[in-house]
Amino acid sequence: MIEPLFNPKSIAVVGASRDKEKVGNIVLRNVMSTFAGKIFPVNQSADTVEGIKAFKSIKDIGEVPDLAIIAVPREAVPGVMEMAGETGTKSAIIITSGFKEVDERGAELQSQIDLLASKYGIRYLGPNTLGMITPYYNGTFALTDIKRGSIAVVAQSGGIGIYMLDWAHRTRTGLSYFVSLGNESNITETDIYQYLSNDFSTRAVFSYVEGVADGSRFINEVPDIVARKPLVFLKGGTGGKGSQAVKTHTASVAGSVDVFKAAIRSVGGIYVDTLEDMLNIAKIITSNEVIKKDLLIVTNSGGHGVLATDETDRLSINLINIPDIVQQELRKLLPDQSKPSNPLDLSGDADSKRYSAALKAVQDLDCTKMVIVEALPMASCMEISKVMLDFKGKSVIGVMMGMDQDAAVRLLESANLPAFRFPEDAVRAVNYFNRMSRPVKRIRISQPIIEAQALAKRKDYLKDYEAFKLLEMYGIRVPPWGTATSLDEAHKIADQIGYPIVMKLSLDEPGHKTEMGGVVLGVEKDDVDNAFSELVKMNPRVLLQKQIEGAELFLGGLDDPVFGPTAVVGIGGVYVEIIKSLSYGLCPVSEDEASFMLAESRAHQMLNSRGKTYDENSVISTITKISRLMVDLGIGEMDINPLIVNESGAYAVDPRIVLKQQK
């Protein structure tokens, strides 16, 4: 129960210093200026703080505070939690930093706090948190005044949190709640999302995270949350060094950003790449305009229209074709040099009347109308923004550029119309919004094939021939194959398979055979002796396969430390690690998700280029089967590179499987 954290009737500020530069004093002053309930400063050496009677400890207050905000040195925090628990306080915010995110001693202290919280039934935010702001109080040490609104901000980083508070102040964006998560030792991001999803004053939740506390709970519960209101995510720790920095920042496991994106897609959230994108999509979500997938660009500047079109091409956003009947109306109002096409260039001499007439002509088209204005002598940004107000509710968004752009943006935003200063920002915001997918609840029940379970039992990895057997058990096609330890065996198997064949090292441990020089392609009957003799010098067992021609894909899986079994697909071959055209999906993967993954990784485009008729459905089927195998057998990591695809199907040519026991 975390309701007292959000709406307490009384608050104790422990560590309420008389020094106005200290965190405890700032927190107290913020509480005093915003909270209507009882306030109890706790200071061991002062009788009063900021004109309010102070107490030596929580026990001395004489009544039970609903919430304790703790800002004392880290060594003192466990003692304060003990006293809070003995008093009966059930909610706390631990502002103090220097715990698990710093060193071993900090980790020990954080463990002590967790034990005390469990002992006394205390739910607490932090440690290492900036605090939180609710409609009832400001329990942070941020100095920014916040306008009430409909956006909730949840940030794992205090620094990012302060920036977002400053942004809200500068742009007059109203917030319903602000929560700084800190180390999430007790209350996690999912707890906060659950609460906010049921809050009527919150229209959408924007969250900066560096790691997820409980990946399994996240993917199980967040789909229901997103079904109630939009959830927008920005992740820190996306690079190698950034990921390492996370460990010293909030003691989180950053995990793979690609898997995180897959998780957000799975739960129906919106993932954005930058803080600027997050701030821009806020304009879309908080407006009352219905944003459509297709786009119509209306502008008085051909150059700005080109920039917007370039961004739509990059993001594969469809520019609507203007119907003939609407084109006829537009020709009546356009100058001779302008054509009724998309982008719709009204020409540099367009005034407010031409903008109004053009918008009237296109207002009922089933698309988002992006109105770009470059302030010119014939039309100012303010004039056109006033015109746009007449088309509110017609899926319009504005891009204001020029001398009076700031005033025009303010006017549009005051009317709940999205307004931007650059066309690329507007296009990206529309794209992010329309990428929101239907939330999916992922059911992971291990139901392994008995023979497969026996094959994998008590092994750290599978030998290559064992991997082929496992794939065949799950209905995954492999080329005809066999292993040989003698030349006679090799000839017999090769004749059975049929030529040409591929001969390669048959390894006990997973390895890259091509890099080892252990693969011979295009082997005919007369080549078997020479190929076998060369390979057997490197390894006593040789694998023989039917040579398959076709497109090469990469298909694999990994056990992500946060979100668990995850499938990955993309363009394969020897350059897979250089091209890195991959897409990830949480297991088990449905056929629809597999199809999306092929498109996202551009494997779909490769399979269908230049008139090819490769069997894409067989690839989709193989992805779903691999994802099922990942869940069933506790695979640590695996890859099939290549998965060769042609007109007759998809074939796993070179599998490598490492079981979870080794990790």
Item to complete: Please go through the residue pairs Lys339/Lys360; Lys38/Lys229; Lys293/Lys625 and name each one whose alpha carbons sit more than 23 Å apart in this structure.
Response: Lys38/Lys229; Lys293/Lys625
Worksheet item: Which lysines does Lys537 reach when only Cα atoms under 21 Å apart count, and residues fewer than 8 places away in its own chain are ignored?
Response: Lys463, Lys492, Lys504, Lys513, Lys525
Practice prompt. Post the alpha-carbon centroid distance, the range 60-86 to the range 112-141, in whole angstrom.
Written response: 11
Worksheet item: What pairs in Lys22/Lys147; Lys580/Lys612; Lys292/Lys612 have C-alpha atoms more than 30 Å from each other?
Response: Lys292/Lys612
Worksheet, complete the sentence: By accessible area (1.4 Å), largest first, Tyr465, Tyr432 order as Tyr465, Tyr432
Worksheet item: Between Lys660 and Glu466, what FRET efficiency comes out of the Förster formula 1/(1 + (r/R0)^6) with R0 = 22 Å and r the beta carbon distance, rounded to 0.05?
Response: 0.85
Item to complete: With a bin width of 10 angstrom, please list the P(r) values of the range 83-193 as percents of all Cα-Cα pairs, from the 0 bin to the one holding the largest distance.
Response: 15, 43, 30, 11, 1
Worksheet item: Which values of log₁₀ I(q)/I(0), to two decimal places, follow from the Debye formula for the range 351-487 at q = 0.10, 0.18, 0.21 Å⁻¹ with a uniform point scatterer at every Cα?
Response: -0.53, -1.02, -1.19
Practice prompt. For Trp481, Trp167, write out the residues from largest to smallest accessible area, computed with a 1.4 angstrom probe and no ligands counted.
Written response: Trp481, Trp167
Worksheet item: Which residues in the range 265-295 have a backbone N closer than 19 Å to a point placed 7 Å from the Cα of His169 along the Cα-to-Cβ line?
Response: 279
Worksheet entry | Cα convex hull of the range 148-244, projected area averaged across orientations, nm² | 6.4
Worksheet item: Which loop-located GluC sites (Glu not before Pro) does the range 589-661 contain, where loop means any DSSP state but H, G, I, E or B and the Cβ has at most 15 other Cβ atoms within 10 Å?
Response: Glu647
Discussion item. From the Cα trace of the range 1-145, what convex hull volume per residue do you get, rounded to a whole Å³?
Written reply: 98
Worksheet entry | Cleavage-rule hits, trypsin sites (Lys or Arg not before Pro), the range 48-91, DSSP coil, Cβ neighbours within 10 Å at most 16 | Lys56
Worksheet entry | Heavy-atom surface of the chain, accessible at 1.4 Å and reported per residue (Å²) | 42
Practice prompt. On a C-alpha basis, how far is the centre of the range 445-510 from the centre of the range 293-359 in Å? Whole number, if you could?
Written response: 60
Worksheet entry | Calculated [θ] (222 nm, deg cm²/dmol) that DSSP helices of n ≥ 4 give over the chain, each run adding -39,500 (n - 2.57) | -11500 deg cm²/dmol
Worksheet, complete the sentence: Mean separation of Cα contacts under 8 Å (at least 6 apart) over the residue count of the range 502-588, i.e. the relative contact order in percent, is 23
Fill in: Largest-first principal axis extents of the Cα set of the range 47-91 (Å)
27, 24, 15
Worksheet item: In whole percent, how big is the carbon plus sulfur part of the accessible area of the chain, probe 1.4 Å, protein atoms only?
Response: 50
Discussion item. Just to confirm a number: summing +1 for Lys and Arg and -1 for Asp and Glu over residues other than Ala415 whose beta-carbon lies under 14 angstrom from that of Ala415, what do you get?
Written reply: +3
Worksheet item: Hey, with R₀ at 41 Å, roughly what FRET efficiency would Ala407 and Arg314 work out to, going by the Cβ-Cβ distance, to 0.05?
Response: 0.85
Practice prompt. Treating each Cα of the chain as an identical point scatterer and ignoring solvent, apply the Debye formula and state log10 I(q)/I(0) at q = 0.05, 0.12 Å⁻¹.
Written response: -0.33, -1.18
Worksheet item: From the backbone phi of the range 320-335, what are the Karplus-calculated ³J(HN,Hα) couplings (6.51 cos²θ - 1.76 cosθ + 1.60, θ = phi - 60°) in whole Hz, Gly and Pro given as x?
Response: 5, 7, 6, x, 4, 5, 6, 4, 4, 5, 5, 4, 5, 10, 8, x
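The values are calculated or read from the model by the stated rules, or taken from the named source; none is laboratory data. Every value quoted in this text rests on a predicted model; they were computed, and no experiment measured them. Neighbour counts are summed over all protein chains in view; Cβ atoms, including those assigned to glycine, are modelled from backbone coordinates with ideal geometry. Ligands, DNA and RNA are excluded from the accessible area calculation, which covers all protein heavy atoms including side chains. Shrake-Rupley method; radii C 1.70, N 1.55, O 1.52, S 1.80 Å.
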